[in-house]
Amino acid sequence: MRRHLLDGMSSSRQLALAASLGAVAGGLVVVDIRVLAAAATGVVALGALCSLWRMGDERIAGMAWAGAAFTAPMNGVRVTSFMAVTDVFLVVAVLAMAPSLALGCRRFSVSAHVGVLAGLAMIATGGVIGTMFAAHPEASLVVIAKFVLAAAGSVAAFALWRPNQRQLSGFCALWLAGALVSSAWALTLDPHRPGRPFGLATHPNHLGLVCVLGTCIALGFVLERHRATRLAGLLSCPVLIAALLASGSRAALVGLLVAGVTVLVLSGRVRLAIRAAMVASTVGVLVLTSALHLSGTGLDRLFGNASASRSDAERVGKLVNSYDRFAAHPLTGEGFEFAQEAHNVYLQVLVAAGPLGLVGLVVVVSFTLSGILRSRRRPGTRATGDRALLAGLGAGSVGYLAAGAFQNILWDRYLWLYVAAAVTLAAQVRPARPWPEAIEFPGPAVSAFPISATDR
């Protein structure tokens, strides 16, 4: 007969086992449940990390980049008050790629991003110089660090990743999916809150800008040749436009109008783009009108309701204050302490970093747009495939520049990941010498979102 487990144990061992079980049971009662939950979370996280380690650094980085793309438009989903979920994914991606970089298996290529990084360095340098004249230098330095991490950090991470065209298309598709989730949240759950909805962003103006950038990606997919991609892009536009109107952001409306015209110019497919824009706009307005009756929306505020009048008066006061700050230090600026006071990104840069910072912003814009324009082999060429997506990304960048005259969004992660994707794709599709092949680590052959394969 099979003997019971305890039959083979001495009495002392049985006593020790009973005491141990009693101690565990007592701990479950005495110890705070939050401590137990934290310990269990740590054990699960350790197991997950061990599993990921066995997957290989290529697959880990690919999954992290996919997570960063999806969560980038949802900057209101945060781990802490100063760190969004996107930041966690980016840190994991960079750490996963670091071993191959350190061992020489992956080269840090900044050839396509050097102009943007140089412009950002000029803005940061101007901010450091202006900090010498700031009322609270420590506050200015903290914001400069935030700007460098968000803007230059995002662009540098892309330079380290070096994705190919297929990966960039997947990145943009996931970015669009994240924008749709935030927009759907704004249209379904946020209206129960008082005030303008902001979805999974931190402010209605952020939601509006996310919708502008997402709509441009969707229009790029509409210009594709594949019917499934066209349909997905066309179905995305009404949701994004309805959420943009619901956000009440007038700057976003201006940006969307300018971006729509830019898509026509960059793509060369005027008829298809006009039909898509008309259908998407009509459906978006109809959906929003039936749901919210246009009360407090971007169109309502554009034509001057009470909340818009109060906002205008407040913004004029902030513009005057910002101009006075710039006039006090016209050659150096006065640091980043009050960089977001003026709802005008160009005046913000002047106040924070002086003329050097404004030149840096011009350098960033010039390198971004010139790369996109050079990707067109000859004027009038109809954009399809990656060129169509690039037309959408370029239009989104121009839309942001138009909206930037009326808002203060300058260093948020989703914006600079978008710019980095546009610059990288422009370098991929224009006639140029391709990047050299990266040497792959031994391990899993292909990930769901690989980071080192190169499409030819």
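Derivation of every value follows stated rules applied to the coordinates shown; laboratory data play no part. Quick caveat: nothing in here was measured; it's all calculated off a predicted structure. No Cβ is skipped: glycine too gets one built from the backbone with ideal geometry, and neighbour counts run over all protein chains shown.
Say R0 is 51 Å: what FRET efficiency, to the nearest 0.05, do Ala98 and Ala313 get from their beta-carbon distance?
Working from the Cβ atoms, E equals 0.50.
For an R0 of 22 angstrom, estimate the FRET efficiency from the Cβ-Cβ distance between Ala228 and Arg166 and round to the nearest 0.05. Intermediate values should be presented prior to the final figure.
Working: r = 16 Å, r/R0 = 0.71.
Here the calculated transfer efficiency is 0.90.
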List the residues whose amide H sits under 5 Å from the amide H of Ala84, counting only those 5 or more places along or on another chain, with H placed 1.01 Å from N in the peptide plane.
Val79
Quick one: order Phe171, Phe406, Phe70 by neighbouring beta-carbon count within 10 Å, fewest to most.
Phe406, Phe70, Phe171
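Expressed in nm to one decimal, what extension gain is obtained for the pair Phe82 and Ala121 from 0.36 nm per residue of sequence separation less their Cα-Cα distance? Could you put the intermediate results ahead of the total?
Working: separation 39, 0.36 × 39 = 14.04 nm, distance 2.26 nm.
In short, 11.8 nm is gained.
If the chain between Lys146 and Leu331 were fully stretched, how many nm would it gain, using 0.36 nm times the residue separation less the Cα-Cα distance?
Gain in length upon complete extension: 64.3 nm.
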For the range 349-354, Karplus couplings with θ = phi - 60° (6.51, -1.76, 1.60), whole Hz, Gly/Pro x:
5, 4, 5, 7, 10, x
